[in-house]
Amino acid sequence: MKKIIVSLFAFFIYTSSQAQHFDLIPLGIYGGEQEDNLSAYLIGTPKDSTFLCLDAGTINTGIRKAIQLKSLYGTEEAILHNQIKGYFISHGHLDHLSGLIINSPADSKKDIFAIAPVLQILQNHYFINDTWINFADQGQKPILGKYHYRELQEGIELSAQNTPFFLTAYELSHVNPYKSSAVLVRHADHYLLYLGDTGADRVEKADQLDQLWKNIAPLIKKGQLNTILIEVSFPNNQPENLLFGHLTPNLLLEELNKLKEKTERDDLKGLNIVVTHRKPTRNNPEIIKNELLNNNPLKVNYIFPEQGKRISLP
């Protein structure tokens with residue numbers, strides 16, 4: 001009887017550790033060129049039909065694809081209006097926000113979460129009469145007030161209203177001193193980390209990733225953070241002086257090694273790395289995938305998202 005109780009307890013611990021806490025639906029996965037498949041990821045929770053959108057390069061086409069794959073249910077209009085409850089925008093480049101701009105006339109009222117420099121780009125360069133019209137609640141008149149800007153301050157957690165999530169932003173360097181950002185998404189006591197475009201600290205001559213790794217390492221050690229979405233834009237043959245604030249497989253490994261050291265572990269086995277923002281030029285996506293899989297001493301679980309296909313994450 002004692003052995004049975006011990007076995008059941010061990011099974012309970014195992015199944016609890018394997019429980020799914022996040023659902024991820026990629027609306028777009030690439031880092032340029034294919035305007036119908038640019039960076040945008042819906043993050044939700046199991047048994048819930050509401051989402052926060054992490055970046056917004058492609059929206060409508062991604063929703064249609066997700067409906068076809070039965071990752072989302074309902075009409076395109078209903079999903080855009082009622083299921084997407086807000087947007088986190090990592091930085092001001094078009095491949096991360098053009099879907100938000102183009103779909104704004106058809107959208108419903110919701111929040112845009114971003115660090116101050118990104119909100120200023122939206123306010124001063126996109127939601128203005130010369131380029132579109134102001135669908136936000138600050139900036140150039142006429143102000144339509146559909147979107148509410150919510151500033152994220154580095155390291156300070158903020159509730160994402162109308163979602164079950166709490167958000168903490170961290171600055172990244174994307175061709176220093178240009179500001180990109182990452183967001184740590186918390187649901188209950190579980191976390192997921194999403195990074196916008198970023199270069200490696202060594203190449204950028206910065207320390208933003210080092211600071212980010214310091215902040216998340218304790219969560220990895222406790223088993224509270226099991227998934228990181230991070231870009232790898234170019235294969236290893238891209239010269240470092242032509243990276244323009246992006247990562248290669250070798251540079252990602254360089255950064256993950258720094259993270260590993262901060263976790264005081266021998267490897268990062270069990271950590272999911274969702275590879276975002278691959279540049280779709282020629283066969284680059286497949287080259288990047290092979291270079292990552294063929295050189296994985298840290299034993300991370302690489303995930304290569306497909307547009308519209310739901311991913312369940314611990």
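Below is a table of values for the structure above.
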quantity: For Rg and Dmax of the Cα atoms in Å, calculated from these coordinates, the label among (1) 18.2, 53; (2) 18.5, 58; (3) 19.4, 75; calculated: (3)
quantity: Dimensions (Å) - the stretch 35-156, Cα atoms, principal axes, largest first; calculated: 40, 33, 24
quantity: Contact order relative to length of the chain, as percent, for alpha carbon pairs under 8 angstrom and 6 or more apart; calculated: 18
quantity: Projected-area average for the stretch 160-314 over all orientations - Cα convex hull basis, square nanometres; calculated: 9.4
quantity: Ordering of 221-232, 81-92, 133-144, 104-115 by packing [mean C-beta count within 10 Å, highest first]; calculated: 81-92, 221-232, 104-115, 133-144
quantity: Reachable lysines from LYS222, criterion Cα separation under 23 angstrom, eight or more residues apart if same chain; calculated: LYS214, LYS258, LYS260, LYS262, LYS269, LYS299
quantity: Gaussian network model of the chain, Cα within-10 Å springs - most flexible of GLU255, GLU286, GLU171; calculated: GLU286
quantity: Cα-based reach from LYS70 at 19 Å (exclusive), listing lysines while leaving out same-chain residues under 8 positions away; calculated: LYS47, LYS309
quantity: Prolate/oblate/rounded call for the stretch 236-314, Cα gyration tensor, a/c under 1.5 rounded; calculated: oblate
quantity: Within-11-Å neighbourhood charge of LYS179 [Cβ basis; K, R +1; D, E -1]; calculated: -3
quantity: Whole-angstrom gap from the stretch 142-176 to the stretch 196-270, using each part's C-alpha centre; calculated: 22
quantity: Relative contact order, percent, the stretch 194-314 [alpha-carbon distance under 8 Å, six or more residues apart]; calculated: 29
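The numbers here are math on the coordinates, done by the rules we state, and not lab data. In this text the structure is predicted, and so the values were computed from the model without any measurement. Cβ coordinates were reconstructed from backbone atoms using ideal geometry, including for glycine residues, and neighbour counts include every protein chain displayed.
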